[in-house]
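*Asks:* After the structure tokens below, expect a handful of questions from me.
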């Protein structure tokens, strides 16, 4: 995912984590384990400001729900007027 969505990224290996650098930002807590939980990836994408649509295309599970327009947001009030 990083190769396609975060061109120019770099990774440094530490004792228990990978430190990912991209877009003048650093994400210091990507686990070194073979299997990484999707929550860590989601947090990294948000922190490093990686394109969410690109990231979604690389996983079976959607990382982010992308809203296409402002019109799709709910409007109105809860309950009935007093």
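The values are calculated or read from the model by the stated rules, or taken from the named source; none is laboratory data. Quick caveat, the model's predicted, so the values are computed rather than measured. Cβ atoms come from the backbone with ideal geometry, glycine included; neighbour counts cover every protein chain shown.
*Asks:* Which of the residues spanning segment 1-16 are surrounded by fewer than 16 Cβ atoms within 10 Å (Cβ to Cβ) and not in a loop (DSSP other than H, G, I, E, B)?
*Replies:* If the condition is that a residue be surrounded by fewer than 16 Cβ atoms within 10 Å (Cβ to Cβ) and not in a loop (DSSP other than H, G, I, E, B), then 3, 4, 10, 11, 12, 13 are the ones that fit.
*Asks:* Going through segment 17-32 one residue at a time, which ones are out of contact with any strand residue (DSSP E or B) (no Cβ under 7 Å at 6 or more places or on another chain) and either surrounded by fewer than 11 Cβ atoms within 10 Å (Cβ to Cβ) or outside any loop (DSSP other than H, G, I, E, B) (or both)? I'd like the intermediate steps shown before the answer.
*Replies:* From segment 17-32, those out of contact with any strand residue (DSSP E or B) (no Cβ under 7 Å at 6 or more places or on another chain) are 22-25; that's our starting set.
Within segment 17-32, 22, 24, 25 meet the criteria.
*Asks:* Would it be correct to say that residue 77 is within 13 Å of residue 1 (Cβ to Cβ) and modelled with pLDDT under 90? Break it down into steps so the answer makes sense when it comes.
*Replies:* Working: within 13 Å of residue 1 (Cβ to Cβ): no; modelled with pLDDT under 90: yes.
No; evaluated as a whole, the condition is false for this residue.
*Asks:* Another one. For segment 44-56, how many residues meet the condition of being free of Cβ contacts under 8 Å to residues at least 12 places away in the same chain and over 14 Å from residue 22 (Cα atoms)? Full working, then the answer.
*Replies:* Applying the first criterion (free of Cβ contacts under 8 Å to residues at least 12 places away in the same chain) to segment 44-56 yields 46, 56.
From the residues that got through so far, the ones that are over 14 Å from residue 22 (Cα atoms) too are 56.
Residues meeting the conditions: 1.
*Asks:* Out of the residues in segment 34-57 meeting the condition of being out of contact with any helix residue (DSSP H, G or I) (no Cβ under 7 Å at 6 or more places or on another chain) and assigned to a loop (DSSP other than H, G, I, E, B), tell me which one is modelled with the lowest pLDDT.
*Replies:* Narrowing segment 34-57 to residues out of contact with any helix residue (DSSP H, G or I) (no Cβ under 7 Å at 6 or more places or on another chain): 34-44, 46-49, 53, 56-57.
Subset that is assigned to a loop (DSSP other than H, G, I, E, B): 34-37, 49, 57.
On the way: 34: 82, 35: 85, 36: 86, 37: 88, 49: 95, 57: 88.
Among those residues, the one meeting the criterion is 34.
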